[in-house]
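Engineer: Could you have a look at this structure, given as structure tokens, before my questions?
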Amino acid sequence: MGQHFGRIGAMANGRVPYDAKAAVENAEIVAEMAKLPWAGFGPGTDKVTPSRAKAEIWSEQAKFKEHNEKLVGESAKLLAAAKTNNLDNLKVAFGATANTCKACHDAFRKE
């Protein structure tokens, strides 16, 4: 997810030229991947392999689900913004989505 979100961020932050087609393609992947955390962090997955996830991801599943639902919503808005072919729209949606990612990472990911 980070790779695809990072490509959008590079455009939104002016590090690479804006490419409307690439923005949509990457936003589509981000929007789909945003729906998948339950597969990786469901009950019992804390015993499978070491990860950067804090124990709270399993002990506070309702809170994790709330964060995930926000991510799903913001990634859908990111995709909609990408489809407008307007860099300013993409920048706004990217910022909102990035803040949602950060909030979840702050709560559930180890440094």
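Read the figures in this text as sums done on the coordinates, not as results from a lab. Owing to the predicted nature of the structure, the values given are computational and were not obtained by experimental measurement. All Cβ positions, even for glycine, are placed from backbone atoms using ideal geometry, and neighbour counts span all protein chains on display.
Engineer: What percent do you get for the relative contact order of segment 3-111 when only Cα pairs under 8 Å and 6+ apart count? Each step should come with its number before you reach the end.
Structural biologist: On the way: 97 pairs, mean separation 36.8, N = 109.
Normalised by residue count, the contact order of segment 3-111 is 34 percent.
Engineer: How would Val24, Val16 line up from fewest to most surrounding beta-carbon atoms within 10 angstrom?
Structural biologist: If I rank by nearby Cβ atoms, fewest first, I get Val16, Val24.
Engineer: Here's something else I'd like to know. Ranked highest first by average number of other Cβ atoms within 10 Å, how do 35-48, 2-15, 68-81 line up?
Structural biologist: Per-residue Cβ counts within 10 Å, averaged per peptide and sorted highest first, yield 68-81, 2-15, 35-48.
Engineer: What length, rounded to one decimal in nm, is gained on full extension from Ala39 through to Glu60, with 0.36 nm per residue of separation minus their alpha-carbon distance? Don't skip to the answer; put the middle values down first.
Structural biologist: Numbers: separation 21, 0.36 × 21 = 7.56 nm, distance 1.58 nm.
That works out to 6.0 nm of additional length.
Engineer: Now, a different point. Taking H placed 1.01 Å from N in the peptide plane, check which residues at least 5 places from Ala53 or on another chain put their amide H under 5 Å from its amide H.
Structural biologist: Counting only residues 5 or more places away or on other chains, the set is Lys110.
Engineer: Also: Lysines within cross-link reach of Lys35: Cα-Cα under 17 Å, excluding same-chain residues under 8 positions apart?
Structural biologist: The reachable lysines, counting only those whose Cα sits under 17 Å from Lys35, are Lys63, Lys65, Lys70, Lys77, Lys102.
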